Structure formats: structure tokens, C-alpha cells
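*Asks:* Structure below; questions to follow.
The values are calculated or read from the model by the stated rules, or taken from the named source; none is laboratory data. None of the values given here were measured: they were computed from a predicted structure. Here the Cβ is made from the backbone with ideal geometry for all residues, glycine too, and neighbour counts use every protein chain on show. The area values use the complete protein model at the heavy-atom level, side chains included, leaving out ligands, DNA and RNA. Shrake-Rupley method; radii C 1.70, N 1.55, O 1.52, S 1.80 Å.
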Amino acid sequence: MNLDRQVGTGFSYRIEALFASFCRARAPSKGLAAWTLTVLFAYNKAMSRAAPLVDSFGRTIDYLRVSVTDRCNLRCTYCMSEHMRFVPKAELLSLDELDRVCTAFVRRGVTHLRLTGGEPLVRRDFMTLMRALSRHLASGALQELTLTTNGLRLAPLASGLAEAGIRRINVSLDSLDPAAFARITRGGELTRVLDGIAAAQEAGIRVKINTVALKNGNEQELPEMVRWAHAHDMDITLIETMPLGFIEEDRSDQFVSLAEVRRTLESRWTLTPLPDRTAGPARYVRVEETGGKLGFITPLTHNFCDSCRRVRLSCTGTLHMCLGQEISVDLRGALRASPDDQLLDAAIGQAVAAKPRAHDFLMPVRGAAPALSRHMSVTGG
Ligand code: SAM
């Protein structure tokens, strides 16, 4: 790995070249401020040379999720099977390659970058990648660099994340009951997640909780989870299970419609719809009694595709244009075929043009195969 040379990949060595030629021509007469301006000028020039990504339905793609590994230190029953087969390490994109492809997207107008997995914090040298990518925050090209994590390894990394410019993260948490948490995650230790959340908040990072609603898993606990999140100054989003990948249980035994959950919550609280939409698929309400924000992600009961601005990169460099469709394009070949980014840019442009209008998840039917064979850990949640 060579992330010292991460500034030497893709767009950035063009900056170096521009910068070097400028220095040769004029540097002796320039002070520090002029040098700084020069670097910024070169950076902006390099970043603005590429056209924005617009799909064939007119949606501008400005949000990239990257699964940096398909491995995870939990085995949530709705996400993975107990005995998962993971991608051999040799097939993963290196950190340099991840940086290069993220940068290519930033150059094409991606302003939101979310690193996910698998569990992103189990990827070796994850923080090196995060720090390297944070240069796009510093330049203003990225509005947000963030991650989704199960929180198990968050406590020791929280302050480093804050230093890298991470302002908000999502932590997935499906139960506050240690026994239920261990059952859902197949062995996870709840206290470690709670410690991770506390450390992140202490470091000044806002935490949003993501909770998958599970029939016979946490359905009864959901009001308490909302109350707890709001009491700890966190927004919370509830998510319907999606039929992604083989798991041992029948998905129809796990699925609970969020329309039902919402009715239960409305019987105890006043939910006021909020107009604001983030770059994600959630619809938000304010819970008047707690004062907190509550989101609903309902891919099965209501799809959210018209406003979808996202594409997802797997840890092997496959770009998935839709979470709920098979269509994908291999970017790894383009990355490795040439050290400059022309092929990569062309492949990204072609991929985005082929983004489907909508996913076509259906309600789970008993005994049915999953809608898609890949697990969520491949494309990242
Ligand atoms: N390990 C990280 C975490 O736990 O947040 C990131 C990856 S995980 C795949 C991302 C999110 O996807 C988690 O919130 C998880 O609950 C959710 N998820 C996984 N499988 C799902 C499924 N089949 N349906 C709905 N959400 C799912």
C-alpha cells in the first residue's frame, strides 16, 4: 500500500505536474500565500475538468457508497448466513485503488461519500484511507465524508475520525437488550457498541442510529429504541428488511411493514412529517413528545427510486447502479488497465447512463429465493 503516494494517483498527479511546472516558471518570486493559492487553483482545475454524472432519467448522481470490505465482525441473522464465504483478500481493491476510484467520482461531482461494508472498521488501515479522502473535504469538493458501522470498533477510532473531518456517522443497532442483541447479531456484545457511540459523541461526531425492524426480533422494542435514541440526542431511522442474499431464516418470518410500526408509534406519539430530505432514502418525522427525528426507509412498502442519487461500489470494484437490481459494471478492470483515469472515467459514465429507473423488490413470500443473490455486505447499506 502506498497512500503517501495517494496524491500521486489519478487526478492528483496531474495536480503535481501542474504545480511543478508552475514552480519551475514562477515560484522563486512567490510567497507562501501565493503558493497555497496555486495549489488550490491547480486542484480546482483538475477537479472541474470532468462532466457531472446524470443518468438517463435525469437524476444527478452525487452520492457514492463504497463497501471497503465484505467481511464483518457480526453475523446479523437478516444480513448474513452463519457461514459466509468472503471474497479472497487478493481480489479486494487496494487502498490506493479505492482512493483513486473515489477521487474519480468526486471529480465527476460526487459530493457525498459513505464508506461501509461488511464492517468498514475491520478493514486494515481503514483510517489511512479515511484521512487520505478527507483532502476532498478540505478542498470543498466533498460536502460529506462519512461511514456506516456496527460500532464494535468505534471507541478507539472515534477521535481519529473526528480529526479527519467526519461530522456524522450512522451506527447500526437493532436492540438495546444484551440478550436480544447477541441473538440477532449471533454473538455481538452490546456494551462495546454503546461505548463506541459514547466515544463518537464525545469526539463531537453526530450519531444516527439505524435499526432494522424485525418481526419476532425487536418489533416490540422499537418504541423504546426511538425513545432511547432521542434521549441521547441521536436521530434514528427504522428500515424494512430487504430480500438480499441467502440467510438461514425465511425472510417472511422476519419482515415487518413499517406502515404497521408507524401506526403503533402514532398510537403513543404525535409524528409530524418533516419536509427535509437528506441524500438518503429515508422519510423523516419529528416525534413531538421526544423532540427527536425519526426516519423510515421503506423499500418494500414504498419505493424511493425517483429521487435516487446513489451508486454503490463493492470492495472488488464492481459498481452497482441499484441496490435492488443485478445490473453492474466492473471498474477494477478499467482501474488496472491504465494508470491514467480515462478508461475509468469512461466506465463510470457508461455505468451511470445504465442506472435503472427503479428497484423491483417484492414483499417476501414464504419459501421464495432472495430477490438478489448478493448480500447487503457486498454493496454496503
Ligand atoms: N457493518 C456496518 C453496519 O452494521 O452498519 C455496515 C454494513 S451493514 C450491511 C449496513 C446496514 O445494512 C446495517 O444497518 C444493516 O442493518 C443493514 N442491512 C443488512 N442487511 C439488510 C437487509 N437484508 N435488509 C435491510 N437492511 C439490511
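*Asks:* Which ones in segment 208-267 are of a type in the set (A, V, I, L, M, F, W, C), within 13 Å of the ligand (Cβ to nearest atom) and closer than 20 Å to Arg114 by Cβ?
*Replies:* Once the filter is applied, which keeps residues that are of a type in the set (A, V, I, L, M, F, W, C), within 13 Å of the ligand (Cβ to nearest atom) and closer than 20 Å to Arg114 by Cβ, segment 208-267 yields Ile209, Val212, Ile236, Leu238, Ile239, Met242, Leu244.
*Asks:* Further question: Take Arg85 and decide whether it is in a loop (DSSP other than H, G, I, E, B) and basic (Lys, Arg). Lay out the reasoning, then the answer.
*Replies:* Numbers: in a loop (DSSP other than H, G, I, E, B): yes; basic (Lys, Arg): yes.
In short, yes.
*Asks:* Can you tell me which residue in segment 189-198 is nearest to the ligand (Cβ to nearest atom), limited to those that are open to solvent by 30 Å² or more (accessible area, probe 1.4 Å) and among the hydrophobic types (A, V, I, L, M, F, W, C)? Step through it out loud before you land on a result.
*Replies:* Taking segment 189-198 as the starting set, the residues that turn out to be open to solvent by 30 Å² or more (accessible area, probe 1.4 Å) are 189, 191-192, 194-195, 198.
Those left that are additionally among the hydrophobic types (A, V, I, L, M, F, W, C): 194, 198.
Values: Leu194: 15, Ala198: 17 Å.
Ranking the candidates gives Leu194 first.
*Asks:* A further question follows. Residue under question is Gly204, and the condition is that it be at positive phi and either under 21 Å from the mean Cα position of the chain (by Cα) or not in a helix (DSSP H, G or I) (or both); does it hold?
*Replies:* Numbers: at positive phi: yes; either under 21 Å from the mean Cα position of the chain (by Cα) or not in a helix (DSSP H, G or I) (or both): yes.
The answer is yes for Gly204.
*Asks:* May I ask you to say which residue of Arg310, Arg227, Arg268, Arg263 is charged (D, E, K, R), under 25 Å from Glu326 (Cα atoms) and either out of contact with any strand residue (DSSP E or B) (no Cβ under 6 Å at 6 or more places or on another chain) or open to solvent by less than 40 Å² (accessible area, probe 1.4 Å) (or both)? Reasoning before the result, please.
*Replies:* Numbers: Arg227 fails: under 25 Å from Glu326 (Cα atoms); Arg268 fails: under 25 Å from Glu326 (Cα atoms); Arg263 fails: under 25 Å from Glu326 (Cα atoms).
Exactly one of Arg310, Arg227, Arg268, Arg263 is charged (D, E, K, R), under 25 Å from Glu326 (Cα atoms) and either out of contact with any strand residue (DSSP E or B) (no Cβ under 6 Å at 6 or more places or on another chain) or open to solvent by less than 40 Å² (accessible area, probe 1.4 Å) (or both), namely Arg310.
*Asks:* Hey, another quick one. Under 8 Å between Cβ atoms, which residue pairs at least 6 apart in sequence (or on different chains) link something in segment 204-216 that is in contact (Cβ under 8 Å) with a residue 12 or more places away in the chain and closer than 24 Å to Thr77 by Cα with a partner that is more than 13 Å from the ligand (Cβ to nearest atom) and of a type in the set (Lys, Arg)?
*Replies:* Filtered contacts from segment 204-216: Val207/Arg168; Lys208/Arg168.
*Asks:* Could you say which residue among Arg108, Arg85, Arg75 is within 15 Å of the ligand (Cβ to nearest atom) and surrounded by fewer than 23 Cβ atoms within 10 Å (Cβ to Cβ)? Outline the logic, then answer.
*Replies:* Numbers: Arg108 fails: within 15 Å of the ligand (Cβ to nearest atom); Arg85 fails: within 15 Å of the ligand (Cβ to nearest atom).
Exactly one of Arg108, Arg85, Arg75 is within 15 Å of the ligand (Cβ to nearest atom) and surrounded by fewer than 23 Cβ atoms within 10 Å (Cβ to Cβ), namely Arg75.
*Asks:* Out of curiosity, is Ser56 part of a loop (DSSP other than H, G, I, E, B), within 16 Å of the ligand (Cβ to nearest atom) and surrounded by fewer than 23 Cβ atoms within 10 Å (Cβ to Cβ)?
*Replies:* On the way: part of a loop (DSSP other than H, G, I, E, B): yes; within 16 Å of the ligand (Cβ to nearest atom): no; surrounded by fewer than 23 Cβ atoms within 10 Å (Cβ to Cβ): yes.
Considered against the rule, which asks whether it is part of a loop (DSSP other than H, G, I, E, B), within 16 Å of the ligand (Cβ to nearest atom) and surrounded by fewer than 23 Cβ atoms within 10 Å (Cβ to Cβ), Ser56 comes out as no.
*Asks:* Then there's this: Being modelled with pLDDT under 90 and among the hydrophobic types (A, V, I, L, M, F, W, C) narrows it down to one residue among Leu323, Leu331; which is it? Give the derivation first.
*Replies:* Details: Leu331 fails: modelled with pLDDT under 90.
So the residue among Leu323, Leu331 that is modelled with pLDDT under 90 and among the hydrophobic types (A, V, I, L, M, F, W, C) is Leu323.
*Asks:* Anything in segment 122-155 that is of a type outside the set (Asp, Glu), at positive phi and either outside any loop (DSSP other than H, G, I, E, B) or in contact with a helix residue (DSSP H, G or I) (Cβ under 8 Å, 6 or more places away or on another chain) (or both)? List them, or say none.
*Replies:* As a first pass, look at segment 122-155 and keep what is of a type outside the set (Asp, Glu): 122-124, 126-143, 145-155.
From what is left, the residues that are at positive phi are 140, 151.
Answer for segment 122-155, where residues must be of a type outside the set (Asp, Glu), at positive phi and either outside any loop (DSSP other than H, G, I, E, B) or in contact with a helix residue (DSSP H, G or I) (Cβ under 8 Å, 6 or more places away or on another chain) (or both): just Gly151.
*Asks:* Which one of these does Leu161 not meet: (1) crowded, with 21+ Cβ neighbours inside 10 Å; (2) at pLDDT 95 or above; (3) within 14 Å of the ligand (Cβ to nearest atom)?
*Replies:* Result: Leu161 passes all but (3).
*Asks:* Something else: Go through segment 114-129 residue by residue and tally those that are surrounded by 22 or more Cβ atoms within 10 Å (Cβ to Cβ) and of a type outside the set (Lys, Arg).
*Replies:* Of the residues in segment 114-129, 9 are surrounded by 22 or more Cβ atoms within 10 Å (Cβ to Cβ) and of a type outside the set (Lys, Arg).
*Asks:* When residues of segment 165-187 are filtered for being open to solvent by less than 10 Å² (accessible area, probe 1.4 Å), among the small types (Gly, Ala, Ser) and outside any helix (DSSP H, G or I), how many remain?
*Replies:* Count: 1.
*Asks:* Please work out which residue is surrounded by the fewest Cβ atoms within 10 Å (Cβ to Cβ), limiting yourself to segment 135-149 and to residues that are among the polar types (S, T, N, Q) and under 15 Å from the mean Cα position of the chain (by Cα).
*Replies:* If we filter segment 135-149 for residues that are among the polar types (S, T, N, Q), which is where we start, we get 139, 143, 146, 148-149.
Then drop every residue that is not under 15 Å from the mean Cα position of the chain (by Cα), which leaves 143, 146, 148-149.
Numbers: Gln143: 13, Thr146: 23, Thr148: 20, Thr149: 26.
Looking at the filtered set, the residue picked out is Gln143.
*Asks:* Only one residue in Leu244, Leu238, Leu222 is open to solvent by less than 20 Å² (accessible area, probe 1.4 Å), under 17 Å from Thr298 (Cβ atoms) and more than 22 Å from the chain's Cα centre (by Cα), so which one is that?
*Replies:* Details: Leu244 fails: more than 22 Å from the chain's Cα centre (by Cα); Leu238 fails: more than 22 Å from the chain's Cα centre (by Cα).
Checking each option against the conditions leaves just Leu222.
*Asks:* Still on this structure: Would you mind stating whether Ala353 is of a type outside the set (Lys, Arg), at negative phi and either modelled with pLDDT of 70 or more or surrounded by 12 or more Cβ atoms within 10 Å (Cβ to Cβ) (or both)? Quick ask: steps written out before the conclusion?
*Replies:* Details: of a type outside the set (Lys, Arg): yes; at negative phi: yes; either modelled with pLDDT of 70 or more or surrounded by 12 or more Cβ atoms within 10 Å (Cβ to Cβ) (or both): yes.
Judged against the criteria, Ala353 is a match.
*Asks:* Consider Arg374 carefully, then state whether it is assigned to a loop (DSSP other than H, G, I, E, B), modelled with pLDDT of 75 or more and within 16 Å of the ligand (Cβ to nearest atom). Lay out the reasoning, then the answer.
*Replies:* Details: assigned to a loop (DSSP other than H, G, I, E, B): yes; modelled with pLDDT of 75 or more: yes; within 16 Å of the ligand (Cβ to nearest atom): yes.
Yes: the conditions hold for Arg374.
*Asks:* Do we find that Ala25 is at pLDDT below 95, farther than 30 Å from Asp306 by Cβ, more than 16 Å from the ligand (Cβ to nearest atom) and open to solvent by less than 20 Å² (accessible area, probe 1.4 Å) in this structure?
*Replies:* Working: at pLDDT below 95: yes; farther than 30 Å from Asp306 by Cβ: yes; more than 16 Å from the ligand (Cβ to nearest atom): yes; open to solvent by less than 20 Å² (accessible area, probe 1.4 Å): no.
Taking the combined requirement at face value, the residue does not satisfy it.
*Asks:* Here's something else I'd like to know. Being among the aliphatic types (A, V, I, L, M) and not in a loop (DSSP other than H, G, I, E, B) is the filter; apply it to segment 207-225 and report the residue that is nearest to Glu249 (Cα to Cα). Outline the logic, then answer.
*Replies:* In the first step, residues of segment 207-225 are kept if they are among the aliphatic types (A, V, I, L, M); the result is 207, 209, 212-214, 222, 225.
Next, from what is left, pick out any that are not in a loop (DSSP other than H, G, I, E, B): 207, 209, 212, 222, 225.
Values: Val207: 30, Ile209: 25, Val212: 15, Leu222: 21, Met225: 24 Å.
It comes out as Val212.
*Asks:* Determine whether Pro299 is open to solvent by 60 Å² or more (accessible area, probe 1.4 Å) and part of a loop (DSSP other than H, G, I, E, B). Spell out the reasoning first.
*Replies:* Values: open to solvent by 60 Å² or more (accessible area, probe 1.4 Å): no; part of a loop (DSSP other than H, G, I, E, B): yes.
In short, no.
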